[in-house]
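We did not get these values from a lab; they are worked out from the coordinates using the rules stated. A quick note: this is a predicted structure, and the numbers were derived from the prediction, not measured. Quick reminder, even Gly has a Cβ in these numbers, built from the backbone with ideal geometry, and neighbours come from all protein chains shown.
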């Protein structure tokens with residue numbers, strides 16, 4: 001799992017990066033503020049930082065230069081910019097950027113670019129197309145779940161939650177953990193009802209008896225875990 005930070009006041013930048021990473025369990029933080037971006041980068045030391053030239057209160061080039069040359073951050077720095085001129089590219093690389101993304105961003109290109117960047121991150125493993133836990137098999141390419149031989153289509157929220165749980169079988173996650181790691185909420189800002197609703201919807205699709213779940217189990221006062229049927233140990 002890799003840690004990504006997106007510093008941009010344009011919500012579309014975050015949306016396209018999140019969409020390009022659907023099916024992979026990476027943690028994404030976001031802020032529209034360049035100054036807050038400096039703070040988050042210092043606190044979390046992300047593997048990849050996307051910096052928009054449209055960040056608030058600190059322009060993207062200055063932020064990139066500060067992270068690279070003052071903080072000496074080991075992160076990969078990617079500048080998101082509107083211009084594709086030689087002068088703009090030269091200025092970006094002089095500021096310390098490792099890569100450049102030009103608007104408007106193409107989803108397919110972003111997906112491939114992210115996979116290339118993630119190969120440079122030692123802790124970020126490119127996930128296999130299919131993952132299985134017991135009788136559950138999740139096809140990450142098509143966002144389809146197979147329960148034995150039965151195919152089930154999942155919504156994006158259902159897919160992201162199940163993918164995270166299946167990537168960590170037997171591990172118990174609190175609602176706070178899932179809000180942060182699946183939905184990218186800052187600690188204390190998400191509503192646990194979001195988790196309860198998605199868990200309920202998943203159980204309706206995957207459990208033989210949703211009232212007595214065998215796959216997506218509740219751990220009393222601790223949270224939820226995904227197991228391959230009857231949990232042992």
(Q) Given a 10 angstrom Cα cut-off, can you work out which residue in 207, 87, 56 is the most mobile in a GNM of the chain? (A) 87
Q | Value in Å of the Kirkwood radius, where the stretch 130-226 supplies the Cα pairs that are averaged | A | 13.5 Å
Q) Taking only the alpha-carbon positions of the chain and ignoring solvent, what does the Debye formula give for the base-10 log of I(q)/I(0) at q = 0.08 Å⁻¹? A) -0.34
Q. Which angle between 0 and 90 degrees, to the nearest 10, do you get for helix 11-20 versus the longest principal axis of the chain when only C-alpha atoms count?
A. 50 degrees
Q) Going 7 Å from the Cα of residue 147 in the Cα-to-Cβ direction, what parts of the stretch 163-182 have a backbone nitrogen less than 17 Å from that spot? A) 163, 165-166
Q. Gain in length, residue 71 to residue 106, computed as 0.36 nm per residue apart minus the alpha-carbon separation, to one decimal in nm?
A. 9.5 nm
Q: Calculate how many DSSP beta bridges within the chain are antiparallel, expressed in % of all such bridges and rounded to the nearest 5.
A: 45 percent
Q. Taking the Cβ-Cβ separation of residue 157 and residue 93 as r and a Förster radius of 41 Å, what is the calculated FRET efficiency to the nearest 0.05?
A. 0.60
Q.
To check my understanding: the extent here is largest minus smallest coordinate of the Cα atoms along each principal axis. What are those three numbers for the stretch 3-118, in Å, largest first?
A. 35, 34, 23
Q.
Only Cα pairs within less than 10 Å get springs; with that Gaussian network setup on the chain, which residue of 98, 191, 59 has the largest fluctuation?
A. 191
